[in-house]
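Participant: Structure provided below as structure tokens; questions to follow.
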Amino acid sequence: HIGAYQVPVGNSVITFIDTPGHAAFSSMRARGANTTDIVILVVAANDGVMPQTEEAINHAKAAGVSIVVAINKMDLQGADVERIKGDLAAKDLTPEDWGGNIQMVPVSALQGDGVDKLLEAVVLESELLELKAHYEGQAQGVVIESELDKFRGAVATLLVQNGTLKVGDMVVCGSSVGKVKSIISSDGSKLKSAEPSFAVEILGLSNAPDAGETFQVVKNDKEAREIAAFRENKIKDRKVLKQRDESLGNIFESMGQSDKKVLNVILKSDVAGTSEAIVGALADIGNDDASIKIVASGVGGISESDANLALATESIILGFNVRSDGAAKKIIEGEDLVLSYHSIIYELIDEVKARLSGLLDPIVKEEIVGTA
């Protein structure tokens, strides 16, 4: 998940947006780089530069964001700071003590060593960048993450970039609208308002917006609904175009290879960013003989309509950190549908690969073992 936390440092407060390191979460890291002012690149002192590290550097450079490097795991045997600095210098990140402009701070997350110096480095970097925002006026910013909570309804984590967000404001997030009922900080306390660079959870939206969508405060309900309706129509147009492209692709595919196996999948996950990452990872699985089709994906528990859709489309249902409700469970058990729960992305991908390979016809080879 993309988490957002605030840490006090002296007279200032730093807001951290934390993105996952797994290869599938590339889009989350790109989004993180586009919403932040400074990227803290964490490199393990015993491992060195990994493919995800390289990818994160590219995202930060593409977004034009300053980088501070935290060289972690300094408490381990085999930690080699100079080797890491050399590897990063080869990627165009030259440390300050080598004549460059990148601050590199050795830290140990386990022992807590160097964390204060890292926070000081971030504050120093922010002072050099002279970052500014408007406190007055209607708030605007970006949706970091969203989820459907069983008790609280649609919950969105917002990063305020300009203006001040207040309880009672009418907000448009993508095609979701609602009046802000409650603003909750990263430590769970309720706030009356949120200023620029605050990352907060809000309640009161009509549905869970997509992660990465922009949000803005509008004057009244009428204006909010007009903007949401306009955006909804844009999304529908995009879906129609996508379906048309897919159906054309299927026609050409069926002309060339009619025996291609397809595994239909319905995916439900706890938050929008995770759903997006898993859909992206599943899209990369498959070859000329077999492929995966995402029939539907969404946020929240597995419902009766998901089970009925799986029955109609002969799909398997995958739940990531979510469970099915009672009505869905009856249909799934009664119709003997395939449902599997996961909380680790590697295991989910492995299961889908195994099911996809199970669809393929066995390759029969005849070997002459002797003649008589």
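Participant: What residue, among those in region 47-58 that are open to solvent by 40 Å² or more (accessible area, probe 1.4 Å) and in a helix (DSSP H, G or I), is farthest from D37 (Cα to Cα)?
Facilitator: That would be P51.
Participant: For residues in region 289-310 being part of a helix (DSSP H, G or I) and surrounded by fewer than 16 Cβ atoms within 10 Å (Cβ to Cβ), which is farthest from the chain's Cα centre (by Cα)?
Facilitator: Restricting to residues being part of a helix (DSSP H, G or I) and surrounded by fewer than 16 Cβ atoms within 10 Å (Cβ to Cβ), the top hit is N308.
Participant: Regarding region 69-91, can at least one residue be identified that is small (G, A, S), at pLDDT 85 or above and in a strand (DSSP E or B)?
Facilitator: yes
Participant: Scan region 211-233 and give yes if some residue there is among the basic types (K, R), in contact (Cβ under 8 Å) with a residue 40 or more places away in the chain, more than 28 Å from S303 (Cβ to Cβ) and in contact with a strand residue (DSSP E or B) (Cβ under 8 Å, 6 or more places away or on another chain), otherwise no.
Facilitator: yes
Participant: Let me ask you something else. What number of residues in region 1-50 are modelled with pLDDT of 80 or more and aromatic (F, W, Y)?
Facilitator: Looking only at that region, the number is 2.
Participant: Follow-up question, since we're still on this one. Tell me, yes or no, whether region 333-345 has at least one residue that is touching a residue at least 40 places away in the same chain (Cβ under 8 Å) and either within 22 Å of F320 (Cα to Cα) or surrounded by fewer than 10 Cβ atoms within 10 Å (Cβ to Cβ) (or both).
Facilitator: Within region 333-345, one or more residues are touching a residue at least 40 places away in the same chain (Cβ under 8 Å) and either within 22 Å of F320 (Cα to Cα) or surrounded by fewer than 10 Cβ atoms within 10 Å (Cβ to Cβ) (or both).
Participant: Has region 265-288 got at least one residue that is loosely packed, with under 14 Cβ neighbours inside 10 Å and either under 30 Å from D18 (Cα atoms) or modelled with pLDDT of 80 or more (or both)?
Facilitator: Yes, region 265-288 contains at least one residue that is loosely packed, with under 14 Cβ neighbours inside 10 Å and either under 30 Å from D18 (Cα atoms) or modelled with pLDDT of 80 or more (or both).
Participant: Here is a further query. Any idea how many residues of region 352-372 are open to solvent by less than 40 Å² (accessible area, probe 1.4 Å) and either farther than 25 Å from V262 by Cα or in contact with a strand residue (DSSP E or B) (Cβ under 6 Å, 6 or more places away or on another chain) (or both)?
Facilitator: 1
Residue-by-condition table, conditions (1) under 27 Å from N46 (Cα atoms); (2) in a loop (DSSP other than H, G, I, E, B); (3) open to solvent by less than 10 Å² (accessible area, probe 1.4 Å); (4) at pLDDT 85 or above:
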| position | (1), (2), (3), (4) |
| --- | --- |
| L93 | yes, yes, yes, yes |
| L110 | yes, yes, no, yes |
| K117 | yes, no, no, yes |
| E125 | yes, no, no, yes |
| L131 | no, yes, no, no |
| H134 | no, yes, no, yes |
| V143 | no, no, yes, yes |
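Participant: Among the candidates E367, E351, which residue alone is outside any loop (DSSP other than H, G, I, E, B) and acidic (D, E)?
Facilitator: E351
Participant: Is it the case that region 166-186 has a residue that's out of contact with any Pro (no Cβ under 9 Å at 6 or more places or on another chain), touching a residue at least 40 places away in the same chain (Cβ under 8 Å) and over 22 Å from I227 (Cα atoms)?
Facilitator: Checked against the condition, which is being out of contact with any Pro (no Cβ under 9 Å at 6 or more places or on another chain), touching a residue at least 40 places away in the same chain (Cβ under 8 Å) and over 22 Å from I227 (Cα atoms), region 166-186 yields at least one hit.
Participant: Let me ask something else. Hey, can you tell me all the residues within region 188-200 that are free of Cβ contacts under 8 Å to residues at least 60 places away in the same chain and surrounded by fewer than 23 Cβ atoms within 10 Å (Cβ to Cβ)?
Facilitator: Once the filter is applied, which keeps residues that are free of Cβ contacts under 8 Å to residues at least 60 places away in the same chain and surrounded by fewer than 23 Cβ atoms within 10 Å (Cβ to Cβ), region 188-200 yields G188, S189, K190, L191, K192, S193.
Participant: From the list L205, L148, exactly one residue is on the phi < 0 side of the Ramachandran plot and open to solvent by less than 50 Å² (accessible area, probe 1.4 Å). Which is it?
Facilitator: Sole residue among the options that is on the phi < 0 side of the Ramachandran plot and open to solvent by less than 50 Å² (accessible area, probe 1.4 Å): L205.
The values are calculated or read from the model by the stated rules, or taken from the named source; none is laboratory data. Please read these numbers as outputs of a predicted model, since none were measured by experiment. All Cβ positions, even for glycine, are placed from backbone atoms using ideal geometry, and neighbour counts span all protein chains on display. Ligands, DNA and RNA are excluded from the accessible area calculation, which covers all protein heavy atoms including side chains. Shrake-Rupley method; radii C 1.70, N 1.55, O 1.52, S 1.80 Å.
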